[in-house]
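The values are calculated or read from the model by the stated rules, or taken from the named source; none is laboratory data. Since we're looking at a predicted model, the values are computed, not measured. Glycine gets a Cβ as well: all are built from the backbone with ideal geometry, and neighbour counts include every protein chain shown.
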Amino acid sequence: MEERAAKRPVIVSGNGIRKIDRVLLNSKEFQEVWLQDILAREPGILPTASIDPIYAPLLCIGREVAVASGSIDNLYISPKGYIVIVETKLWRNPEARREAVGQIIDYAKDLKEWDFEKLNNAYKQYNKSGTGIFEALVQRSLQSEDNEAAFVDITEKNIKQARFLLMIVGDGIREGVERMADFLNDTPSMQYRLALCELEVYDLGNDERLIIPQLTTKTNVIERGIIRVEGAAGNVSIEMHDDEDLPVQKSKKSYTSKDNLSIDDWFKKAEEANSDVSAIKELLEDFEDLDYMYYIGTADISIAYRFENLKKNLKVLMIWGAGSSLGFQPLIFYSFLEKYGYSRAIAEELLGGLRKYLYIEQKNVPYEREEGYYYISLKKIMEDKDDFLRLFEVFKSNF
């Protein structure tokens, strides 16, 4: 499986080059309602045309549309009468990852029981007006007035046959979700199609954010685009483009140890040792979302950053004793960076930020002994996880 490539956009101007920082969507400043609102106001953010032109452009039918099994986050229809169901997920916990696919399929099953009239009423309720779907498409010059009967007919057929595009939109698509999507899309009996769309958000300053969406498939990135969100009102401008030369984006894999100890075996030992397994799982998944990898040793889990240009891994964090302690060795950072021609200051910035997470009883004064091991508190990490993860995000942005 191919790895995700590290990247950090820059702004080039007459004053030089300015790097821009990625904003973690699982940070406290983001909520799913923010994402739903942006997607409702600017459906063009969703690269549905790359999947099939019949799914574009989109008219938002509604947000939090009630169906039997819950509420559809965002519901859309195209001028050709094809429906798109969107489930937004900010991956804050393992349950969200496991449930997302099943949840959106339940919504599709519920929507299959609808008809055009019910769909039209949902749109009128959302817009608080008497204007229906077809009239709205005509007003936007996306349909002609004499085509209403044909439009309603094809929409009805698409509903009854569940010819929907299901799209999960979030900040980190897991490999397990991708495999499930591949399976469903390869199943002939399924009328709907399932697509996965990741979003990257960067802070431009001055209350502006840059949004980069990308579709993920098993082998390649289909399309990328750039969306700028400006000001408190969230005004959106969009530029979409095809780019076959962009690096392939795929999630990392975890590896078993030489003794064939699997991640499940390791977690079982951690549970027996009364370690906080849920916190460790969450932390590992967060590191994966930041394009780090992890692998299982006989007594530890190593979290590493992959330098694709060097085909080398830099071990940045270790989890020991079935999850009882976490730590790192400064010498590993310094030796690696010096060996491959990077500045020692890059490691010093990260290690400086990690000081506040060290155990109070740490024997070695930070960082008096570079070859020594320094231990950090999982509890402190989870209490301040956003800032902790940002340290590693900034670290990798230097390469």
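Which pairs do you get when a residue that is under 11 Å from G323 (Cβ atoms), found in region 252-273, comes within reach of a residue that is modelled with pLDDT of 80 or more, reach meaning Cβ atoms under 6 angstrom, with the pair 6+ apart or on two chains?
W266/I296; F267/V277; A270/V277; E271/V277
Considering only residues that are at pLDDT 80 or above and surrounded by fewer than 17 Cβ atoms within 10 Å (Cβ to Cβ), which ones fall in region 20-43?
If the condition is that a residue be at pLDDT 80 or above and surrounded by fewer than 17 Cβ atoms within 10 Å (Cβ to Cβ), then V33, W34, D37, R41 are the ones that fit.
So is K363 in the same structural domain as I301 (by TED's automatic domain parsing), modelled with pLDDT under 90 and over 28 Å from the mean Cα position of the chain (by Cα) or not?
Numbers: in the same structural domain as I301 (by TED's automatic domain parsing): yes; modelled with pLDDT under 90: yes; over 28 Å from the mean Cα position of the chain (by Cα): yes.
When the stated conditions are applied, K363 passes them.
Could you grab me the full set of residues in region 352-390 that are surrounded by 14 or more Cβ atoms within 10 Å (Cβ to Cβ), assigned to a helix (DSSP H, G or I), out of contact with any Phe, Trp or Tyr (no Cβ under 6 Å at 6 or more places or on another chain) and of a type outside the set (D, E, K, R)?
Of everything in region 352-390, those that are surrounded by 14 or more Cβ atoms within 10 Å (Cβ to Cβ), assigned to a helix (DSSP H, G or I), out of contact with any Phe, Trp or Tyr (no Cβ under 6 Å at 6 or more places or on another chain) and of a type outside the set (D, E, K, R) turn out to be G353, L354, Y357, L378, M382, F388, L389.
Do we find that A345 is free of Cβ contacts under 8 Å to residues at least 12 places away in the same chain, of a type outside the set (V, I, T) and surrounded by fewer than 17 Cβ atoms within 10 Å (Cβ to Cβ) in this structure?
Here the answer is yes, as A345 does meet what is asked.
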